[in-house]
Amino acid sequence: MKGKRMGVFLTGVLLLAAPGLAAAFTAGNGAVSDERTGLVWQQQDDGQTRTWEAAISYCEGLSLAGQSDWRLPNIKELESITDDGRYNPSIDPIFTGTQASNYWSSTTYALYVSLAWSVNFYFGYVYGLVKSLYYYVRCVRGGQ
């Protein structure tokens, strides 16, 4: 996952800093390209919550920006679009309509296979959640 978060108090204000490169996103046709990773992201989710299995099916059936090879991102890919300098939601505003809530990844929690990893985009934290619950989805293509 990303590097450790470090906090510093300066005249009563908590400043958070995290190591990493600045994002380089470009948008067009409902998709966002990440120049750092080569991944292409669904720019705006459809506002629907789904179980983990339904999230996988949704991405596999998505046709967007003239492409049909979309998939549910793994946890490292999904966390790569968090922005530690933002919260509520913790993502670049180029990703329109992002809920400050949980988004599924394709990565199963190794110890408990009934869980999958997710990112909560309020603060950008990573959690293991029960696969039968309903959360948001943002699909990706390329990489892996």
- Message: Tell me whether segment 111-134 contains one or more residues that are polar (S, T, N, Q), over 24 Å from Thr26 (Cβ atoms), at pLDDT 95 or above and out of contact with any strand residue (DSSP E or B) (no Cβ under 7 Å at 6 or more places or on another chain).
- Response: yes
- Task: Please work out if Leu78 is within 17 Å of Val126 (Cβ to Cβ), at pLDDT below 95, of a type outside the set (Asp, Glu) and not in a loop (DSSP other than H, G, I, E, B).
- Result: no
- In segment 97-117, the residues that are surrounded by 16 or more Cβ atoms within 10 Å (Cβ to Cβ), among the polar types (S, T, N, Q) and closer than 16 Å to Gln48 by Cα: Thr98, Gln99, Asn102, Ser105
- Evaluate segment 47-67: report whether one residue or more is part of a helix (DSSP H, G or I), among the hydroxyl-bearing types (Ser, Thr, Tyr) and surrounded by fewer than 18 Cβ atoms within 10 Å (Cβ to Cβ). yes
- Looking at (1) in contact with a Ser or Thr (Cβ under 9 Å, 6 or more places away or on another chain); (2) charged (D, E, K, R); (3) under 19 Å from Ala27 (Cβ atoms), which is the only condition Arg50 fails? (3)
- Query: Any chance segment 70-93 includes a residue that's in contact with a Phe, Trp or Tyr (Cβ under 7 Å, 6 or more places away or on another chain), surrounded by fewer than 17 Cβ atoms within 10 Å (Cβ to Cβ), over 21 Å from Gly30 (Cα atoms) and not charged (D, E, K, R)?
  - Reply: yes
- How many residues of segment 67-89 are over 13 Å from the mean Cα position of the chain (by Cα) and charged (D, E, K, R)? The answer is 2
- Counting only residues that are assigned to a strand (DSSP E or B) and at pLDDT 95 or above, how many does segment 4-46 have? 11
- Considering segment 114-132 alone, what residues qualify as being polar (S, T, N, Q) and farther than 19 Å from Gly85 by Cα? Ser114, Ser118, Ser132
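The values are calculated or read from the model by the stated rules, or taken from the named source; none is laboratory data. All of these numbers come straight from a predicted model, not from anything done at the bench. Please note: Cβ atoms are built from the backbone with ideal geometry, for glycine as well, and neighbour counts cover all protein chains shown.
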